[in-house]
Ligand SMILES: Nc1nc2c(ncn2[C@@H]2O[C@H](COP(=O)(O)OP(=O)(O)OP(=O)(O)O)[C@@H](O)[C@H]2O)c(=O)[nH]1
Ligand SMILES: [Mg+2]
């Protein structure tokens, strides 16, 4: 019975729709005013519905903004706000590859790691270091406010301190290097050292201060009392430059990813400056085999599994590294062993090969990291991202065609091979 009634109703409804349709068609073809009235009113209704919808959506957006501001004021982290599945998927897809950070991460306003910029510098380098610090603030530290330590073997002048204080966005301290960290140790024969300087025919071969500098950067900067409270440092030299914005917290990244040593440029050393460094290193590793990491980078610094040094090292004028590594027993003993051997004065051992050999041998290889995205310049070489996305994203001011990484004298190509990291597009054109 119920079905029969429903069918009848259905039939009546169908007829009504047909009749209305027919009437509409007649009105339309005759251009009747009633049609215009009908169409206009329908349009009006649709428009007012649209307006209502838009203002409701705007109100919802405004409410969300106010809530977010309130959450921020209450100290709630955005991650505590629940996310739907599609937002979560989007966020996961946008996470940077572990080894290349392009700066998409949100910046944190406050420094969270015990980290510091450290610069060994002379008063007469004022102009160059102020320019460098301004650029560092502009490209990185204006967002993070990590403190600075400036070190000198002579007291810093007032004008030097004022010029630096004028351009930094964070705390700054000026330290004097203790005499025993910048002088000949008692076992060094100073006449023999002077003779070496008189005849050495390599760069800075005649310089005594350069040798104190290299010894200090190898064995003492991390022992300075102003450095004691820190875990990580970023070394800053006058006349260097960052070519690209660094939008993520490099120190936090180092810590989160368990990295101990980070570099931007690697290069070959002048052999004549380190004639006995490798022999001395091998003696050390034979005496203390326990300090050599199992998964080390011997095959990056040696082409014959340790018989000889291939001269590859990380350029130490830029370093982001763990201070605890230099404070470790392995490194302290290594430095003492080298210092006793006398090569800082009887040859001209650089802190760059000393740091690099130590990092390559005493650290597991996954604790050493290359920063392709940190565009950097120290005369005469550039680290300029070849990856177009990195170059664009970080607003680089360098010319990728001038990148040093894959040129023949660099060792970054060897680093990629050793680590089996895919090379950026275009690297081959530097190898012809
Ligand atoms: N206070 C102080 N700092 C020095 C002295 N010599 C060098 N430095 C610093 O030590 C670091 C390395 O010195 P550089 O002269 O740049 O050595 P380099 O990078 O091997 O050579 P360049 O190609 O000339 O830059 C820089 O931060 C210098 O400012 C010195 O006698 N006193
Ligand atoms: Mg330099």
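With contacts taken as Cα pairs under 8 Å and at least 6 residues apart, the stretch 217-361 reaches a relative contact order of 39 percent.
Here the gap between residue 307 and residue 294, fully extended at 0.36 nm per residue and compared with their Cα-Cα distance, gives a gain of 2.9 nm.
Spin-label model, residue 257/residue 423: points 7 Å from Cα along the beta carbon direction are separated by 2.1 nm. Determine, at each q value in 0.10, 0.15, 0.17 (inverse angstroms), the log₁₀ of I(q)/I(0) that the Debye formula gives when each Cα of the stretch 277-432 is one equal point scatterer. Listed by q, the Debye log ratios stand at -0.40, -0.85, -1.05.
So for the stretch 115-430, what are the equivalent ellipsoid semi-axes in whole Å, largest first, each being the square root of 5 times an eigenvalue of the Cα gyration tensor? Walk me through the intermediate numbers first.
Working: eigenvalues 160, 134, 69 Å².
Calculated on Cα positions only, the semi-axes equal 28, 26, 19 Å.
Highest-first packing order for the peptide set 220-232, 373-385 is 373-385, 220-232, based on the mean count of other beta carbon atoms within 10 Å. Working ranking of peptides 199-208, 356-365 by packing, defined as the average number of other Cβ atoms within 10 Å per residue, highest first, is 356-365, 199-208.
Since every read-out is calculated from the coordinates, none of them should be taken as a lab result. Keep in mind the model is a prediction, meaning the values are calculated, not measured. FYI the Cβ positions are ideal-geometry reconstructions off the backbone, even for glycines, and counts take in every protein chain you see.
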